[in-house]
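The values are calculated or read from the model by the stated rules, or taken from the named source; none is laboratory data. What you see is a predicted model, and the numbers here were worked out from it, not measured in a lab. When we count neighbours, we look across all protein chains shown, and the Cβ atoms used for this are built from the backbone with ideal geometry, even at glycine. Quick note on the areas: whole protein, heavy atoms, side chains included, nothing else; ligands and nucleic acids left out. Shrake-Rupley method; radii C 1.70, N 1.55, O 1.52, S 1.80 Å.
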Amino acid sequence: DALQVYHDSRAALAEQLGLDPGPDLQRLYQQILTRDPALETQLHHDGDRPGHTSGPEGVAAAAPAPGLPIGVPRQLPAATRAFVGRAGELRKLDELLDLVTGAEGSGGHRRGPGNAAVAAIGGAAGVGKTTLAVHWAHRAANRFPGGQLYVNLRGFDPSGQPAQPAEAIRAFLDALGVPPERIPAGLDTQAALYRTLLADRRVLVVLDNARDAAQVRPLLPGAPGCLVLVTSRRQLTSLAAAEGAELLTLGLLSAAEARDLLARHLSPARIAAERQAADDLTQLCARLPLALSITAARAAARPGLPLAGMASELRDSHARLDTLSTGDDTTDVRAVFSWSYDSLSVPAARMFALLGLHSGPDIPAPAAASLAGVPMDRARACLAELTHAHLLTQHHPAGMAGEDRYRLHDLLRLFAHDRLDAGEPAYTRNAAVNRVAAWYLASACAARGALDPNLPPLPAVEAQLPVPPMAFPSDVAAFAWFEAERANLSATALSAAAYGLHEIGWKLPTAMFAYFDRSRRFSDWVVTHQSAISAAQLAGDKEAEGKVRCNLGNAYRPMRRFGDAAAQYEQALELFRIVGWRQGQAKALGNLASTKSEAGDSRGAVAASLAALAIFREIGDKYGEALCLSNIGSQYLSLGQYDQARESSEAALTAFTALGDQRGAARATANLGNVFAHTSRHEQAVPLFKAAAEAFSEVRDPHEQAAVLCGLAGSYLALGRPDQAHAFVSQALDLYTSLGEDWLAADLEKKFPDLANL
């Protein structure tokens, strides 16, 4: 049976990952074939250990903590087929791996599992740090059954904005299966959750392009058996001193290795036919792997041009020769990339340079067209030319088939900035940032309207866009676009504020509000809106500042930061009073009332709601009036004033029905169900709860749906029908858990202790 498992595993590894079984598994296979007596001894020894269960590679399997995700990430980028050399560094990494995983290390000594380790690969730009890290990570991947995490920390990025540790941890938590609404807002709590998920798991973490040790430390797992691989252009000596990291410094390739790298890209026959020219190229490229790879790619694209001709072209560039011979971190890459850049058409070269202004992780084709100020057909032609020249990478994220998205390696982005500074005046750069930010804003405004038609219109800024903004046939399409563009939208909002585009700086986060309200991505919500407040203040727009503060308060409320939420609403209320915006005052009062209610101050909530209701009626805002009536019904219910609660809820239901607002009508219906339930009229409450639950399901509001299911379960239990009650409690628990609202799940289990444990 064991041999059959080995054969099945080997076949699966070969088919799915292109890997062979690891050395531990192969050694075990040989022991079984030879009936090694040590195997029987080891088996009994393992069996005597309490709680031991055999897992992959003989590692004890650990069950995940209750309620935590169990995703197994596979985030490693593709490894290059042209990897050469680095035998000494690979050997050191293998030895470190053996120490971590408990395999037999150098000197015949065997270490037990639990030796967590950090390896930091340092060296000059373009020397192949990432190539080595990714190559070795693929070799070692099968020794990490818990998965592999990867992030580019953008430590040396032309935008000057390295990735924040919280940004990297959020990406890791996403990969590990944590729902976005369960990700805490603070770095310390995010890091604690990250370490918890990696406890008792063997995971390989690759932290690429780190700025310094301070950027890396929050991303180090505390779990034994994990290995962290860091790359940086700096030697992270403090990481070695404090965390015991193994430091590896990469130098240039040897002459033989550099020639071998060219042969891997081209062909041994072509290299042999022009041995001297190949040697000249390796020397002109300073035996720098990145420069050699780009040179080889150009040679492969021009098979009719002798290598001696390419060497001659390189010699003609005096500045390039000087740069390539020094090995300076910045100038090395600038000179090498210029070969491909100089061969571009003028429109493609301009497109490439302008892409250096985009600070998001990637860019869709329409945004690139907006950045360059050209129509889509010309933009696609330029993007195709850049992709073919290997100055741009096209990729298709999972779940977004058919969408053209492009990204720049950080070194290419640096070179793009250089070309931009050399060829574009400041006013054209500002115009490009304005165009792409305006396109994102117009698209986000359209998505906001599709996601929540009841929100007041948010007009985009006046701008002549070379391509039309996105259009959305449904709220599902709008939500999917927000999900795909979230990082770009957040980065663009911050960039707009930095470029002095104050109106876009506050409007773009505001346009994202409906998405944030559903996705509960609190970190981005808070950061973008804090920036938007500054943009509105710099614009001198008090009304805009008040709107942003209301939205920020709406982020703090579900985070249960009631004091922070109330402070934002109170500041917004004062701003609206200054500018005389009555509708804004009513909205701020309504939000403040909801905050008071959730914090347990029902009387204060009713007072604030009645004040808001009076203003809504004064200005004829039917939607605001309906919403206020619904909230007042809930607040009267909390006070036990059932007649007033029923009257307000019925009025709200009538108003929402007239407006065609299914979500609002569902909320008012649920309120009526609660009124009947609290007055022991459960037969009347049940159909109301059922109708409300179905409506909330249709409008995809799982939080409200779960709350209604709780009420339905309570009524069935009061009617002596525990089976039905149990079914609805289970559904509510599942919804709360999926939303990450653990406190509500815990409250539900306390309310229905017997049912929840059935």
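May I ask you to verify whether Leu314 is more than 33 Å from the chain's Cα centre (by Cα), modelled with pLDDT of 65 or more and either in a helix (DSSP H, G or I) or basic (Lys, Arg) (or both)?
The answer is yes for Leu314.
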Hey, could you check the stretch 222-238 for residues that are more than 20 Å from Asp94 (Cα to Cα) and not hydroxyl-bearing (Ser, Thr, Tyr) and say which is least open to solvent (accessible area, probe 1.4 Å)? Leu236
Residue within the stretch 453-470 that is touching a Pro at 6+ places or on another chain (Cβ under 7 Å), within 16 Å of Asn551 (Cβ to Cβ) and either touching a residue at least 40 places away in the same chain (Cβ under 8 Å) or among the acidic types (Asp, Glu) (or both) present: no
Go through (1) touching a residue at least 60 places away in the same chain (Cβ under 8 Å); (2) under 26 Å from the mean Cα position of the chain (by Cα) for Arg217 and report which single condition fails. (1)
Which helices (runs of 4 or more DSSP H) sit wholly inside the stretch 538-605 and have at least 2 residues that are farther than 27 Å from Leu637 by Cα? 542-556, 562-579
Residues of the stretch 628-669 being acidic (Asp, Glu) and either within 40 Å of the chain's Cα centre (by Cα) or closer than 13 Å to Leu688 by Cβ (or both), in sequence order, are Glu650, Asp661
I'm trying to understand the selection: among the residues of the stretch 694-709, which are modelled with pLDDT of 90 or more and within 18 Å of His678 (Cα to Cα)? Val708, Leu709
Can you tell me which residue is most open to solvent (accessible area, probe 1.4 Å) among those in the stretch 609-642 that are part of a helix (DSSP H, G or I) and more than 18 Å from Arg667 (Cβ to Cβ)? Arg617
Per the filter on the stretch 511-549, residues open to solvent by less than 10 Å² (accessible area, probe 1.4 Å) and free of Cβ contacts under 8 Å to residues at least 60 places away in the same chain are Phe516, Trp525, Thr528, His529, Ala532, Ala535, Ala536, Ala544, Gly546, Val548
Identify the residue in the stretch 294-307 that is surrounded by 14 or more Cβ atoms within 10 Å (Cβ to Cβ) and of a type in the set (Gly, Ala, Ser) and, among all such residues, is nearest to Leu392 (Cα to Cα). Ala297
Hits in the stretch 430-448 - residues which are surrounded by fewer than 18 Cβ atoms within 10 Å (Cβ to Cβ) and either under 19 Å from Asn551 (Cβ atoms) or of a type outside the set (A, V, I, L, M, F, W, C) (or both): Asn430
Just to be sure before I move on: is Tyr556 of a type in the set (Ser, Thr, Tyr) and surrounded by fewer than 19 Cβ atoms within 10 Å (Cβ to Cβ) in the structure I sent? no
Can you tell me which residue among Leu451, Leu411, Leu458 is at pLDDT below 90 and open to solvent by less than 50 Å² (accessible area, probe 1.4 Å)? Leu411
Run Gly720 past the list (1) over 24 Å from Pro179 (Cα atoms); (2) at pLDDT below 85; (3) not in a helix (DSSP H, G or I) and report the number of the one that doesn't hold. (2)
What pairs come up if the first residue lies in the stretch 492-503 and is closer than 13 Å to Ala432 by Cα, the second is polar (S, T, N, Q), and their beta carbons are under 7 Å apart, counting only those six or more places apart or on different chains? Ser495/Ser359; Tyr499/Asn430; Leu501/Asn434
